[in-house]
Structures are given as C-alpha cells and as structure tokens.
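First comes the structure, then the notes that go with it.
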Amino acid sequence: VEKLGTKQMVLVFDQSNEGYVAQKNAVRDQVKSRGVNILSEEQILGSDTNFLALASKLTSQPVDTVFLGAPAEVAANLIQQCRQAGLDPKVKFIGPSTLGAIGFLKAGGKAVGGVYLVSDYAPGSNSPVNTAFTNAYKSRFNAAPDNWAALGFALGTAAAAAIRNAGPNPTRARVRDEMLKLRRVPVPIGSGFWTLDEQRNPTYGGVILTVQNGAFTQVQW
C-alpha cells in the first residue's frame, strides 16, 4: 500500500492448501485495514493449468495489484496467461515465499519480471554466513541456492546447534530443551539470526524480493 500504491486488489489462492488460504486471509485483512478495496477472491487448485477464464476476468477489472497464493510454477503459469490475455502491464503481482523458487523463474520467463514477493532469503546477501553457504552450495550442486535451499540449510543449522549444545551424549529430551533455548543462531536467511520465541515460533526476519532480468533481487525500501 505504501510503496506500490495499491488501491484495488484481487486475491487469487489455492483453495486446496490451508497455508495459502491463511496467507490470503492475512493479506486481505492487512490491506483492507489500510483502505484497499478487495475486488474479488478467486479460488484455484494447485493442479490447474488453464487460467484463461480467470485471466479474462482480471483483465476486465480495475485491478492494480494481484496477490497470488499458489505453488511457484502454477503462479508463474497464471501470470503468463494473464499477460497474454492483455492484462495491463502496470498491474503488479505480489506473493509469499513460495514464489521464491528457481522453478518460478524458469516457468515464468519474462512474464514474471517485476513480481514482488516476501521471502525468507535474499540471494545477494553479502553476510559471511550466506557467502560461505552460497559458495558451498554452488560447489556441491553447480547452481545458486534459492529460498528453499537456504531455509532448509537454516533448519539444519538450528538443529545442529541444539544437538551440539545438548552435550557429548545428547538425548531427545536434552536436544528438545536446547532447541527451546536457541537465540541468535547465525543463518543465511532473514536478518541473519535464528531465534525461538516463547511460543516456539522461529523468528529471523524477512526480505522483499523482486524479479529483475530473470533473477531475484532484494528490494531496498
């Protein structure tokens, strides 16, 4: 709302996945509280491939922003079909971290240029932890890591820290207890540190990415 000037939004989400439904509801409630008009909430399935009817509907609406809560390749396919249907190029697409996958870039091509997403991971971060992680990942897999590779590595790092802190002969109970004590474990995602709060939710911060020249770039707002 503040940075993109969103006033008229359509919410598109995978109704078969509770996570996407929850994300859609969270975005809806937040932007409505800031005066955005929700034109419609459009349900799709993760198995859908033909979005011509939905693309035509979006093209006919006075929408300026579309939220997409769907798997990466499905979202990319929908964006492509919307652009092919003549959707105004000024209409912005935004989405959750599921779009932060290499598959989104490959499936969407030029059509996904300019998409914004909230991500766990900024590929270009020059933190020492991310630099070491990226170099090791490229050496092992001959490819740059995406959001999910970095998030998986962070999870493994947190688990390893808990096991190490549990002592030379860790038990399940001791590892569990140490996991609850984790504070500011260095990781490549978010703000660079992993902490568990009192409700056992991991907090590490997030970043906003956009797609430029076929790659994810962190937005500096």
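Computed values, structure above
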| read-out | value |
| --- | --- |
| Residue pairs meeting the criteria (Cβ under 6 Å; at least 6 apart or on separate chains; first closer than 16 Å to A215 by Cα, in region 136-161; second assigned to a helix (DSSP H, G or I) and open to solvent by 40 Å² or more (accessible area, probe 1.4 Å)) | P145/Y137; D146/I102 |
| Conditions (1) in contact with a Ser or Thr (Cβ under 7 Å, 6 or more places away or on another chain); (2) closer than 25 Å to V36 by Cα; number of the one not met by L78 | (1) |
| Conditions (1) small (G, A, S); (2) part of a strand (DSSP E or B); (3) within 13 Å of the chain's Cα centre (by Cα): number failed by S40 | (3) |
| Restricting region 112-128 to residues that are modelled with pLDDT of 95 or more, in contact with a Leu (Cβ under 9 Å, 6 or more places away or on another chain) and not β-branched (V, I, T), the residue that is farthest from G205 (Cα to Cα) | Y116 |
| Search result, residues across region 43-79 that are part of a helix (DSSP H, G or I) and within 19 Å of the chain's Cα centre (by Cα) | A72, E73, V74, A75, A76, N77, L78, I79 |
| Test for V118: is it within 16 Å of the chain's Cα centre (by Cα), open to solvent by 50 Å² or more (accessible area, probe 1.4 Å), within 17 Å of L209 (Cα to Cα) and of a type in the set (V, I, T) | yes |
| Residue selected from region 24-51 under the condition modelled with pLDDT of 95 or more and either among the basic types (K, R) or in contact with a Pro (Cβ under 8 Å, 6 or more places away or on another chain) (or both), by the criterion surrounded by the fewest Cβ atoms within 10 Å (Cβ to Cβ) | R34 |
| In region 80-110, residue nearest to L68 (Cα to Cα) [restricted to those that are among the small types (G, A, S) and part of a helix (DSSP H, G or I)] | S97 |
| Unmet requirement for V27, which otherwise passes all of (1) outside any loop (DSSP other than H, G, I, E, B); (2) closer than 16 Å to Q81 by Cβ | (2) |
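The values are calculated or read from the model by the stated rules, or taken from the named source; none is laboratory data. Since this is a predicted model, take the numbers as computed values, not measurements. Positions of Cβ are generated from backbone atoms using ideal geometry, with glycine treated the same way; all protein chains shown enter the neighbour counts. Just so you know, the surface numbers come from the protein's heavy atoms only, side chains and all, with ligands and any DNA or RNA stripped out. Shrake-Rupley method; radii C 1.70, N 1.55, O 1.52, S 1.80 Å.
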